[in-house]
Every structure is written in structure tokens, then in C-alpha cells.
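The values are calculated or read from the model by the stated rules, or taken from the named source; none is laboratory data. Since the structure is predicted, the reported quantities are computational estimates derived from the model, not experimental observations. Every residue, glycine among them, receives a Cβ derived from its backbone with ideal geometry; neighbour counts consider all protein chains shown. Heavy atoms of the whole protein, side chains included, go into the accessibility calculation; ligands, DNA and RNA do not. Shrake-Rupley method; radii C 1.70, N 1.55, O 1.52, S 1.80 Å.
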Amino acid sequence: WYVLEVFAASRGSWLGGIPVCAGVMRANCTLSPSSNLSAVPTVSDQAAAMQLSQCAKNLATSLAELRTASQKAHEACGPMEIDSALNTVQTLKNELQDAKMAAVESQLKPLPGETLEKCAQDLGSTSKAVGSSMAQLLTCAAQGNEHYTGVAARETAQALKTLAQAARGVAASTTDPAAAHAMLDSARDVMEGSAMLIQEAKQALIAPGDAESQQRLAQVAKAVSHSLNNCVNCLPGQKDVDVALKSIGESSKKLLVDSLPPSTKPFQEAQSELNQAAADLNQSAGEVVHATRGQSGELAAASGKFSDDFDEFLDAGIEMAGQAQTKEDQIQVIGNLKNISMASSKLLLAAKSLSVDPGAPNAKNLLAAAARAVTESINQLITLCTQQAPGQKECDNALRELETVKGMLDNPNEPVSDLSYFDCIESVMENSKVLGESMAGISQNAKTGDLPAFGECVGIASKALCGLTEAAAQAAYLVGISDPNSQAGHQGLVDPIQFARANQAIQMACQNLVDPGSSPSQVLSAATIVAKHTSALCNACRIASSKTANPVAKRHFVQSAKEVANSTANLVKTIKALDGDFSEDNRSKCHMATAPLIEAVENLTAFASNPEFVSIPAQISSEGSQAQEPILVSAKTMLESSSYLIRTARSLAINPKDPPTWSVLAGHSHTVSDSIKSLITSIRDKAPGQRECDYSIDGINRCIRDIEQASLAAVSQSLATRDDISVEALQEQLTSVVQEIGHLIDPIATAARGEAAQLGHKVTQLASYFEPLILAAVGVASKILDHQQQMTVLDQTKTLAESALQMLYAAKEGGGNPKAQHTHDAITEAAQLMKEAVDDIMVTLNEAASEVGLVGGMVDAIAEAMSKLDEGTPPEPKGTFVDYQTTVVKYSKAIAVTAQEMMTKSVTNPEELGGLASQMTSDYGHLAFQGQMAAATAEPEEIGFQIRTRVQDLGHGCIFLVQKAGALQVCPTDSYTKRELIECARAVTEKVSLVLSALQAGNKGTQACITAATAVSGIIADLDTTIMFATAGTLNAENSETFADHRENILKTAKALVEDTKLLVSGAASTPDKLAQAAQSSAATITQLAEVVKLGAASLGSDDPETQVVLINAIKDVAKALSDLISATKGAASKPADDPSMYQLKGAAKVMVTNVTSLLKTVKAVEDEATRGTRALEATIECIKQELTLFQSKDVPEKTSSPEESIRMTKGITMATTKAVAAGNSCRQEDVIATANLSRKAVSDMLTACKQASFHPDVSDEVRTRALRFGTECTLGYLDLLEHVLVILQKPTPELKQQLAAFSKRVAGAVTELIQAAEAMKGTEWVDPEDPTVIAETELLGAAASIEAAAKKLEQLKPRAKPKQADETLDFEEQILEAAKSIAAATSALVKSASAAQRELVAQGKVGSIPANAADDGQWSQGLISAARMVAAATSSLCEAANASVQGHASEEKLISSAKQVAASTAQLLVACKVKADQDSEAMRRLQAAGNAVKRASDNLVRAAQKAAFGKADDDDVVVKTKFVGGIAQIIAAQEEMLKKERELEEARKKLAQIRQQQYKFLPTELREDEG
């Protein structure tokens, strides 16, 4: 409907006064719920699941398009929102006027579905929404933000529309005409005031910051607030509460007289009347609480009775005050009566608030707290005034308190406190211990007659029982919402309950501060409460401002926090003064200081109640209510029996010699004790999430057993194929369910660490996905023909299930207890393992899908990344806009490159499009996240919005391109699809350029730096290529130029580069335009300099390649330094002078100057044969120092490499060391230049490989530190060697030359340590490549790969074309292929089993992993190797024979021979493995089974071939010639052919014997016996 509203409004029609912008915002609000439909994997009906999945995708696509359209529409109609809202309010005012006219004529009727109660509740709840949206309107207008002022005006108009409807409904439903008229009049006043407010807000936007307009705005807002209160007060029952409040206020004026008349009644009578009045008032307070849950008439009656009872109680209290003997006692009694008056007023206000809006957060708790405050204040007065026997009044007070807290247990569907479940358990344990001690004290002191101690124990018991009840109610609430059937709540931006509690606590504390009767300790306590709650509010504001994307709300939260903090600071100053001197003046100052704080907190609470920020409360299901029952029953029993126990103890205090009463007391004490035990047991048993964890663990264990059964079936080639569903649908199901599991990992980890109430929900949801996961995984595996891929899918699925099981065990142990710190590491580790398992299986699925053109998963991944761009609360940025700008540029360009490659591959290799599409999907995922962060950190906000929009547009383009890639893979020859793909690729490239232009708008200077850095990296790559040409001796000048022709040009360009460098460094602190200009200029100059240096190097001639390389290395050093300088400039842009990035910039500038100077020196020394070697060595030493600085930095390399690569690179260091020593001894310039060039490359490669290998994720911190240390030591040692060679060149002496050996030894030692560190990186997997056992395993695996390749070849074979002969059918070719396929599969399994058997022998120690004597176990290994090779070779021959046979190029005899050879080689492999194996081992049994499978398959093939051969012999009819001569000739020819075949047979037998004799010489003894 909102889409229709958008269209209708865009055509000029006004639906309820709300134009297109409202539809736009509603469209945006509707996008998020649909973005993650997680129900698909759990639907068992395949057709329904597929339809739901397709509908969800269509909806996601439509919503994405709607989002784009709505954003554009919003840009177009944003400024119209204020006028639209104003128009709406004017229309509502007119409608209410019409309703008033109808009411006057008694024609106003309720609409269908409207009742008085419903409309009253709607009006009450909407009044708060109106107040909140108006608060936001005022803030936006004050800040001068037109966009958000428009949004707030529209929200205000929407809320007023609901208010007007509710007001009309109340007026139409009420039977009192005067009440109806009053309601409509007050509602119309609200509309009139609101229209003025919106008009003033519009004016305030024109002149933001104008004090006069701001003042008018505030005045109008107060008038509207007053009208709103009047409107709410017109609701049925509200007036009665107001009358009661007014009555209490009037009655309380009696307390303001200076002196009270003396009492005329006896003390006992006055005391009795006071006790009776107290009981009545306490009961009336309970009735008021109860009435808020009923009809509006009930509250009116209850509040009237409460007012009457209060009057009586006040009179009794004043009478009692007249009995006071001293003035001080009288003042104390009057003070207590004032407290009771205030508590009573608060109770009625809380009841009124709850009846208006029963769903308001924390309203029930506030009412319960108000009732308890009334009871406590009554108890204080009774304690002060009455003179009963000791212990009696304490018992009465306790009974009143227990009566008040009983209501907490009636229906705990709201949180009672901030306690977590485990805090509740602790509270119950502590309070039960206190209660036990106090109950023992009650009994003991009653016996001994120590009544003061008895009274104290009763008070302690009462407090403990209240604490137990509160903890039980909170625990019951948490149990209820944690039930999986209950609807879990969602955390909002702020917690309104926390704000409401803080507001109440601060007001109470401020009241205690200014109370004349407060003692110094009470003042100090009140100050502590204020400080605690204001600090919590400021912290909540800080978090909310960091989370919200709404800039107005962000500023308002920050401003509110400042106001609260400042007013608190001022109050604390006055409290300190008051603490020093409790004078009236100081108390007055303190009173004045509390007003701004209370106002600031109230304003903040009103703003925080905005529906945009509020959490969604949990809804407890009937199952959840049942789960609460044991806790509630135990707590109610405990309260009831405790009340009986206190009443009994009360009578025993008066008459301790009554044995039957003691017996009753013991019974009640036993009941209390049992109920507390039952309560503790119930709370422990009902711990949230534990039962669900157990159920889920059982379910996942069943799934693991199922996947293991499927794996065993797959190993034995007996996995049944699912024919009821396509492989595409199965892959889609599997991808969907794995993604949903991935989404749940972090929520489960969070719940397990500290959100017990959420644990059951999340765990149950996770477990529900595993059955569909196993079904889909087994289904996919059953459709895969490649055995290796089949096992990969099953193994990865099993790994995922096992990691989920580990996660559940860790979550169950953590249980959501934030104090169980010892479990948190295990939870984090389990979550990480589970994420890795999800990533592994997703990679496998994406690869498999992309190979066959299935791109649904990729499209979903891109769409999900796009939807996250619109999340209102991005993660906290960890970098600046420049950091995110750099990474966005990188990924954008990567996407553009991939799009270009896809254009090329669409024509040449369409089958490679899947991998490119997968790469594009991955890059876009990174781009979307980085784009979101760039948009969040961009200034101004419009730039951020533009970046977000363009990244989303690029996502749409990527989706279309990926879809076309999938379609082209399915049909590679479709020219129309190819054209579409090329168009889509071009569109993606264009959208990338739009993203880059949006980033440039964010910061033109840094964007130019990024572009320049890319250009310089291209120059460095080009120079590397030129060095390769020079080294190969192919870099020649195009004409007869000399170096002198280029020298001046090089020097001039280098000086220009120095000037550009200065501009670049100064540009970091200047405007973006100047920085952009400097970056562009430096990139152009380095390009020119590189060209002239290359020409100069070419003019030196290819007969001197080493000097050419020296010159090109010098310019390459300059280019590298410029690249680093540009990067440092980009990081330091717009930063203050003392920022660390500025120091990095200065360092980079120094390196740049050094390298340019080095280039100039090299250019001057190139033609001087006496010094150019020395110069080259100096440049190399400087270059190595810079490389070492880069190596020692904390930057993590972009990619990692293997330890083998690191070891391989140390060979270059060894070779360079040898050259350096030789150059030092010879002192020839040619040797020195060669050393310099070789050293530069060797050290650079070693440092790069060492760092990349060290930062491999599998390398431990200790080994990494060790490797980096020895990499540094090796480089420092080599630098010392080169510097020593430099010294020798300047002053060659025999002594210095002798020292070269010591330097080279240091380098050699460091290289040895570095190699050992690399071996340590390899861990336990490090092996000796010459070990025969290792060779055996490698050969076995190689044989398996060879067999699988042959099997794939067989899969592609088709029977040869059959000759068309009448009535003849030959199915032999099919039999050959099937039999050959089964042999290939069986031999593959056999060789893998042999490999496993060999590993088992190594593990058992029967064969050493690295034998001391290679001839010992090596002989066995050699036998295994040769046997594996024979199996592979025989299988390969079999496949070739089968191929030739079905193509018609070979005989059935060759096929039979090949099959027999497979069987024979299989037997040899079995013998080779059996020699040392344990015959009963699992691996040996698998090996034997695999061998039998090969033999069986070979026999089947032989039988099929023989049968075909005999059949063919029988079918060949010999045509006998009838003529005599012809017949004789025919006989002779047949005999000749027979003799010829016999001779060939004899020769073939001899040849076979010779081959076997030759092979026999090389076979191990075990196999020789078998041959024999």
C-alpha cells in the first residue's frame, strides 16, 4: 500500500494530507525486515521452500530498486515536508471542528471497532509520541537542520493524526456530552498550537541561531505541552484522579501552619485511630494499584476512596502530632506526614500515567515502587508515633511491606530490576542466608524476652523477604522471555526503562537533599545516588550518539549529556558547601541547583522516549508463563508463610509461654524454609538456555551421525543419489542454510557471554538449521561425480557440525553469565572455529556453483552487502575518511579490472567467468563495508549519502554482471548473452568511476594522492621490467646516443622533482586543491624522470649491463621513496602539526631527499670507471637500510608465503655473501657493481619472504618474533660486510681483507638461524624430502591423482559410432566404459587406503618417519612406491585401452590384458603393504576391502570383454567358396594365418618373460616372493 501511496502522491493527490515523502520514508522503513528471510532452510516441503526462496529474492530485488527510487524521490521532495506537515495539521484541526459540530447535534457516532477503552489507550500512548516528536522538532529547528526538521515535522503530523482519531473516538464513545465537548475542544487546541509550532520551526530555519525566534519556539512548545496535558486529562477517570490529587494537596495545607493545637483525645485512643487509618490507607493504595489494570471507572472509585482515607489518616496524624511533648518531636511527625502526602501524590500520578498508557516502559514498576514508598512512609510515621509493646510495630510494618511487594508476583511480564539471571541467583542466596539468621533470631529473642533485638530481627527478615521477592520476580521474567516460544525483545538505541529509573532516582535524591530533616549522612547518600545515575545517563547518551546515524539525535544526545553533567557539577559544589555548613542559605542554594538538573534529566527522558530509539519489549508466551510457575508458586508460598510466621511471632512476643503457639511458629518456619529451598531449586533448574542447549546438542549429535553414515557410503561408492530434486536447488538450499548458520555465530557468542535471556532463542534457532543442512549436503554430495569433491563437501559439513557442537558446549558452560570470565575465551575460540568452517564450506560451494554457472549465492551475497550499507548504526570507525577512501579506491579498481577481464573471457574462455564472478562478489563485499565506513566518516553528510548511494548503484551493476556471467556459462555460444555481458561490464566500469568521483568530492587532495600513488606503483613495475631487460643484455639505445646527451636532462628533471616534493609536503597542511595539484605534478615529473633515466641507461650500451642496472635501481629507489611520501602526505592531510602522521611525513621527506641525492651522485659517477662501483655500493647500502626499516615496521604484509619460500630466498644471501667477499678481495669495480646489484635483490627478496612467512596465520607469536629477529640480524650482518668492502675499496690492505671471513661467518650464522626459524614455522609437518617414506607417500598420492585423472577421462568417453547393420545390437561399449570407470574408482580408493596404511605404520613406529638407515625401511618404501606406480600405470593403460576399444582402434584382447595387469599390480600393492602392517588394523581392513573391489571390477571387465569376444567369434559367419580351386586356396590361406599367429604368440611369450626378468632385478624381496 505504501507503494501505491507514493505513486498517488507523486501525481498530486494527498492521502490524509501526507505527500510522497511519507511514502518514501515508509518504503525505507519497510526494507529492513525483508532483507533476511531465514525461514527458507527450515521448510521441509521442497516446492514450498523453493517458492518461498524465489519470492524472497524477488522481494529483495524489488525493495532494492524501491530503495534507490525512494532516495531519489526523497532528494526531490525533502523541502516539502514542513509545508506538508503544516497542511496535515490544519486539515486535522478542521476535521475536529466538524466533529464538534456533529457532537453538538448529537450526531457523532463511534467508528467500527472503536470503544471507549481502546480510544482512551490510543490517545494516552499517542500523547507521548507527540511530545517526543515535538522535542525532536525543537532540537532540529534549533540546530538549523532542514532535512531532519522536515522529518520531525512529518512524524509530529503523523502522531497528531492518530491523536485526533483517538480524541474523536473518545468523544463519540462517551455518554457524557460535556466530556465529549471538552475532549474535542482540547484536541483542537493541540492542533492549533502544533500548527503554530511547526510554523515557528519553519521560521527558525530561516534564521538559525536567532535568539528571539528560539524564544518564541520554546514558548509555543510549552503552550502545546499544556494543551496536550489538558487533552489527556479529559479522558474518563483522569479527572477523578486529578480531583483526588487536588484533595490531597488541599488536605496537606493543614501541615503548613506554624503551630498545631494540642490534642483533645487520650494517647491510646489517638494511637489506635492512627493505626486503623494507616491500615485503611495502605489497603486503599493496594486498591489503586489493582484498579489500573481494570476499567477506567475502577480507577476513579479507587482514587476517590484513597483520597478520603488519606484525609482521615492526615487528621489522625495531626492529632498524634498534638500529643508530642516537645517542638522537635512535633516537627518530626509533621515531616513524616509531608513525606506520606508526597508519596501519595506520586502513587496517584503513577496510576494515572499507567492507566493512560499501559504499554509504557517501566510504568508498572514505577507504580509498584510508588506503592512501596507509601507503605514505607506510613511505617516510618507509625514507628515514630506509637508506643506499643516493643516488637509489635516492627511486626506491623513488616506485614505492610510484604503485602505491598506481593503484587510483583502476579504477572511478571516486565523487568523488575537491572539484575541479570545470575545476579538473581546470588541475591536469592544472600537474602535466604540473612532470612535464615533473622528467623533464628526472632525465635531466640522471643524466648528470652529480648524484645528490642526481636524487633530488629523482624525488620531484617522483612527486608530479606522483599529482596527475595524482587529477585524471584526478575528471575521469573527472565525465564519467561528466554523460552524459545516467547518473542524475544530487540535492543533499541537507548533503554527507556533505564532513563525512567534514573529520572525517578535523581528526583527522589534531590528531594532528600533539600529536605530540612535530612541528616549529613542522608545528604551524602543522596549526592552519591545523583552522581551514580547522572554518570550512567551521560554514558548512555555517549553510546547512543555513537550508534545513531541521525545527526540531529547525535548532537542532541551529546548536548543533553553536557547539560546533565554541568548541572550535576554545579549541584555537587553546593552539596560540598552544605556538607561544610548546614545553614538555611546553603540549603537554599542547594535547592536552586537541583532545579536545572531535574529539568535537564526530564527533557532527556522525554527525548529518549522517541519511538525511533525505543527497544521492542519481549512478549512472554503461554509456554514461558508455564515455565515461570514453579518460581512464582515458591515465592508466593514463601511470602504467605512468612506473613503467618511474623503474625505468630508478634503474639509470642507478648506471651512467650504459650506452647501451642510455638508449635505453630515452628510449622510456619519449616514452610518458609522449604519454600526458599524450592525457590532456589526452581531458579537453578530454569536457568535460561540450559535446556535448549541440551536439546540442541542432542540434535546436532544426531546430525553428525547421519553425515558420518553418508561419508562411509560415499567411501564405498554406495551413496544413493537423490532424484527428487535438482543439483541447483540443493546447492541453493545448502548455501542458504550455511549463510543463516553464519549469521547466528556472533549473536550466540554474545548471548553466551552475558545475555542469558537470548541464549535459548539463538541456540534453538541454530539447531533448527542442522537437519536441513545435513539433508542438503548429502543431497549435493550424492549428485557430485568427482569422489574428491564429494568427500570435501561431506567432510566440511561434518566439520561445521562439530564446530557448532563445540560452540554449544562452550555456550552452555558460559550460560550467559558475564561473571563466568573463565568460559569467555572458550566461547570466542569456538565462535572463530565455527566462522572458519562456514567460510570453508562457502568457498567450496561458490567454486562448485560458479563452475556450472550457478550464481544465486553470489547475487545474494552482493545484495546482503548492499543492504548493510543502509544500516543506521555502522560499527565504530577505527580510521579516518582517508583510510577508508584508500581501501574503497583499491576495491573499486579491482572490480573494474575484473569487469574488463570478464569482457575478454566472455569471448575467449567463458568457463573462467565463474571464478571472476566469485572474485567480484568478494571484492564488492569488502567495498560495501569500507564504503559504509567512508560514508560514516565523510564530511559533510551529503558526501556520505552520495558515497553510499553510488556504492549501492555499483552493487546493482555487479549483480547484473554476475547473473549474465552465469547465463553465459550455461550457454557459452549465445551471442546475445555475450553482448549483454559486455554492456553490463561497461556499466560496472562507469559506476566505479562514479564511486571514485564521490570519494574525490569527499577529499580532492587525498583522492589525487591515491591516483598518484597508483601511477608511481606502475612506474616501479615498469622499472623492474627494464632491470630484467638490462640484466639479460637486451637494453640498447635506438640510435648512437651517449650518456652525456641525457645527463643534463636527468639532472634538470630530478631538481624539478625536488621542488614538487616540497610542494607535496607543504600541501598536507594546506587546502585539498593545492594538495591535489602537488600530487598530480609529482606523478607527472617522476614519470618524465623515469623515462629520461631509462634512455640514459640504454645509451650506456648492453655490453655494460651492471652499470645500466645501477642507474635504473637509483631511479627505482626515488620512485619507491616518492610512493611512500605520497602515502604519508595522504595520511597527514588536514592533521594538526603535533599529530604522529606529521612525523611520518617528515621521515618520508628525508628519505626522498636522500634517494634523489643518491640518484644525482650515481648519474655523475656513471661514466667514471674508477668510482662507479663504489657509488653503486653506497647506493645499495642506503637501499638495504631503507628496506630494513620497512621490514622492522609493524605493518602486516598484504599476503603470506610458505616457509619453503623463505628458505629458498636465503640461498640468494649466501651467493651474494660469496660475491661480496670476492669483490672485497679483488677490489675490481666490475665485481663491486655486480655485488651491489645482486646484494640489493637478494636482501630485498629475503626480507620480503621472511616477513610474509612470519605472518602466516599458522605461525605462533614466538616463532614469528624469532624469525623477524634473525631476519634483522642477517641483514645487519650483511650491511656490516658491505660497509667493510667499502672501507677496503677506499684503503685496500691485507689485514682488512682477512677480516672479510669473520663478517661472512656472521652472515652465515644468521642465515642458519633463519633457516631453523623457518623450519619451526613448519611445525611438526616439517619433513626430509629425501626420506624414502615421504617419497612413498608422495608417490601414493601421485598415483591416486593419476588414477582420478584417468577416471575423469573415462567419464568423458562416449561409445564409438555403430555401423548400421540390420537386426544387430551391440551394448559392449557401454559395458566397457562402466567397468573401466568402476576399476578407476576402486583403484583410487585402493591407493588412498594404501597411503593411510603407510601413515599408520609410521605412527606405530614400525616404519620410521626418517629412518636412520635408508636401506632398512627404505626397501619396504621402495616396494610400496613401485607397486603404487604400477597400479597407476596399469589403470592408465586400462583407460587408454578402453578409450581405443570404444573408438574402434584396439581389440578386446588388449582390454582384457590391461584389466589383468590392474589386478596383478593391485595384488603387488597389497603384498607391499602387508609386509609390516598389523593385519587387524582399521587401515589394513580398508586396504583389503579396496583391493577386493579392484579385483572384482577387473574380473567383471575381463568377463564382459571375453563374452563379447566369443560372441563376436560365434557371430562371424565364414563364407565357404563352392569352387574346388577357390576352396583349396581358402584352406591354405587359413593354415598360413594360423601358423603366423602361433609364431607371434611364441614371440610374445618370450618378450613377456624377458620383461619380467628385467623387472625382477629391481623389485624388493617381498615382491619377488610374490612373483615366484
Which of the residues spanning region 632-660 are crowded, with 16+ Cβ neighbours inside 10 Å and more than 19 Å from L465 (Cα to Cα)? S651, L652, A653, P656
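Can you find, within region 194-209, the residue that is modelled with the lowest pLDDT among those that are open to solvent by 50 Å² or more (accessible area, probe 1.4 Å), over 13 Å from A85 (Cβ atoms) and in a helix (DSSP H, G or I)? Show your work before the answer.
Step one: of region 194-209, the residues open to solvent by 50 Å² or more (accessible area, probe 1.4 Å) are 196, 199, 202-203, 206, 208-209.
Narrowing the set further to residues that are over 13 Å from A85 (Cβ atoms) leaves 203, 206, 208-209.
Next, only the ones that are in a helix (DSSP H, G or I) stay: 203, 206.
Numbers: Q203: 79, I206: 76.
Step by step, filter region 194-209, then rank; the result is I206.
So that you can scan it fast, the table gives a plain yes or no per residue for (1) in contact with a Gly (Cβ under 8 Å, 6 or more places away or on another chain); (2) of a type in the set (S, T, N, Q); (3) within 23 Å of A223 (Cβ to Cβ):
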position	(1), (2), (3)
E114	yes, no, no
E117	no, no, no
S125	yes, yes, yes
S132	no, yes, yes
A135	no, no, yes
A141	no, no, yes
H147	yes, no, no
A153	no, no, yes
Q158	no, yes, yes
State yes or no: is K1146 among the charged types (D, E, K, R) and modelled with pLDDT under 85? yes
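If I filter region 813-828 for residues that are among the aliphatic types (A, V, I, L, M) and closer than 30 Å to E847 by Cα, do I get at least one hit? It would help to see each step written out before you state the result.
Step one: of region 813-828, the residues among the aliphatic types (A, V, I, L, M) are 820, 826-827.
From the residues that got through so far, the ones that are closer than 30 Å to E847 by Cα too are none.
No, region 813-828 contains no residue that is among the aliphatic types (A, V, I, L, M) and closer than 30 Å to E847 by Cα.
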Within region 925-979, can you find the residues that are among the acidic types (D, E), in contact (Cβ under 8 Å) with a residue 40 or more places away in the chain and not in a loop (DSSP other than H, G, I, E, B)? E941, D953
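For (1) farther than 25 Å from D839 by Cβ; (2) without any contact (Cβ under 8 Å) to a residue 60 or more places away in the chain; (3) open to solvent by 20 Å² or more (accessible area, probe 1.4 Å); (4) among the acidic types (D, E), each residue gets a yes or a no:
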site	(1), (2), (3), (4)
N701	no, no, yes, no
L712	yes, yes, yes, no
L719	yes, no, yes, no
R722	yes, no, yes, no
Q733	no, no, yes, no
Q739	no, no, yes, no
Of the conditions (1) at pLDDT 90 or above; (2) open to solvent by 10 Å² or more (accessible area, probe 1.4 Å); (3) among the hydroxyl-bearing types (S, T, Y), T844 clears all except one; give me its number. (1)
Collect the residues in region 558-574 that are farther than 30 Å from S546 by Cβ and either open to solvent by 50 Å² or more (accessible area, probe 1.4 Å) or modelled with pLDDT under 85 (or both), keeping them in residue-number order. none
Matching entry among N339, N413 (being within 30 Å of K239 (Cα to Cα), part of a helix (DSSP H, G or I) and open to solvent by 40 Å² or more (accessible area, probe 1.4 Å)): N339
Which residue out of Q219, Q276, Q283, Q214 is under 30 Å from A195 (Cβ atoms) and at pLDDT 80 or above? Q219
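Taking the options L604, L524, L578, L597, name whichever one is touching a residue at least 12 places away in the same chain (Cβ under 8 Å), surrounded by fewer than 16 Cβ atoms within 10 Å (Cβ to Cβ) and not charged (D, E, K, R).
Among L604, L524, L578, L597, only L524 is touching a residue at least 12 places away in the same chain (Cβ under 8 Å), surrounded by fewer than 16 Cβ atoms within 10 Å (Cβ to Cβ) and not charged (D, E, K, R).
Can we say A244 is surrounded by 20 or more Cβ atoms within 10 Å (Cβ to Cβ) and aliphatic (A, V, I, L, M)? Steps first, please.
Numbers: surrounded by 20 or more Cβ atoms within 10 Å (Cβ to Cβ): yes; aliphatic (A, V, I, L, M): yes.
Spelling it out, A244 is indeed surrounded by 20 or more Cβ atoms within 10 Å (Cβ to Cβ) and aliphatic (A, V, I, L, M).
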Answer residue from region 1063-1105, given it is charged (D, E, K, R) and at pLDDT 85 or above and is nearest to A1012 (Cα to Cα) among those: E1091
Among the residues of region 742-756, are any free of Cβ contacts under 8 Å to residues at least 60 places away in the same chain and open to solvent by less than 40 Å² (accessible area, probe 1.4 Å)? yes
Can you pull out every residue in region 1200-1215 that is among the polar types (S, T, N, Q), buried (at least 16 other Cβ atoms within 10 Å of the Cβ) and over 15 Å from K1322 (Cβ atoms)? none
Does any residue in region 1535-1556 that is farther than 30 Å from M1430 by Cβ come within less than 7 Å, Cβ to Cβ, of a residue that is in a helix (DSSP H, G or I) six or more places away or on a different chain, and which pairs are these? none
Output for Cβ contacts, cut-off 6 Å, separation at least six or different chains, first residue part of a helix (DSSP H, G or I) and β-branched (V, I, T) in region 210-235, second at pLDDT 80 or above and open to solvent by 70 Å² or more (accessible area, probe 1.4 Å), reads V220/M196
Being open to solvent by 20 Å² or more (accessible area, probe 1.4 Å), at pLDDT 85 or above and under 26 Å from A1301 (Cβ atoms), is that true of even one residue in region 1154-1168? no
So E319 ticks every box in (1) among the charged types (D, E, K, R); (2) touching an Asp or Glu at 6+ places or on another chain (Cβ under 6 Å); (3) touching a residue at least 40 places away in the same chain (Cβ under 8 Å) but one. Which box is left unticked? (2)
Only unsatisfied item for H926, checking (1) open to solvent by less than 60 Å² (accessible area, probe 1.4 Å); (2) touching a Ser or Thr at 6+ places or on another chain (Cβ under 8 Å); (3) modelled with pLDDT of 85 or more, is (1)
Go through region 1054-1077 and give me each residue that's open to solvent by 10 Å² or more (accessible area, probe 1.4 Å), under 20 Å from A1133 (Cα atoms) and among the small types (G, A, S). S1066, A1069, S1070
Within region 479-489, identify whether any single residue is surrounded by 23 or more Cβ atoms within 10 Å (Cβ to Cβ) and at pLDDT 85 or above, and answer yes or no. yes
Could you count how many residues in region 1237-1296 are more than 21 Å from G1212 (Cβ to Cβ) and either open to solvent by less than 50 Å² (accessible area, probe 1.4 Å) or without any contact (Cβ under 8 Å) to a residue 12 or more places away in the chain (or both)? 15
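Of the residues N550, N586, N539, which single one is under 34 Å from the mean Cα position of the chain (by Cα), open to solvent by less than 50 Å² (accessible area, probe 1.4 Å) and not charged (D, E, K, R)? I'd like the intermediate steps shown before the answer.
On the way: N586 fails: under 34 Å from the mean Cα position of the chain (by Cα); N539 fails: open to solvent by less than 50 Å² (accessible area, probe 1.4 Å).
Every option except N550 fails the conditions.
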Please give the number of the condition D1060 fails out of (1) among the acidic types (D, E); (2) touching a residue at least 24 places away in the same chain (Cβ under 8 Å); (3) more than 26 Å from G1005 (Cβ to Cβ). (3)
All but one of (1) open to solvent by 60 Å² or more (accessible area, probe 1.4 Å); (2) closer than 30 Å to A938 by Cβ hold for S997, so report the exception by its number. (1)
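Within region 1103-1111, can one find any residue that is of a type in the set (D, E, K, R), closer than 18 Å to D1045 by Cα and part of a helix (DSSP H, G or I)?
No.
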Selection from region 758-802 of residues in a helix (DSSP H, G or I), more than 30 Å from I481 (Cα to Cα) and acidic (D, E) yields D795
Does at least one position in region 215-235 carry a residue that is within 28 Å of A167 (Cβ to Cβ) and of a type in the set (D, E, K, R)? yes
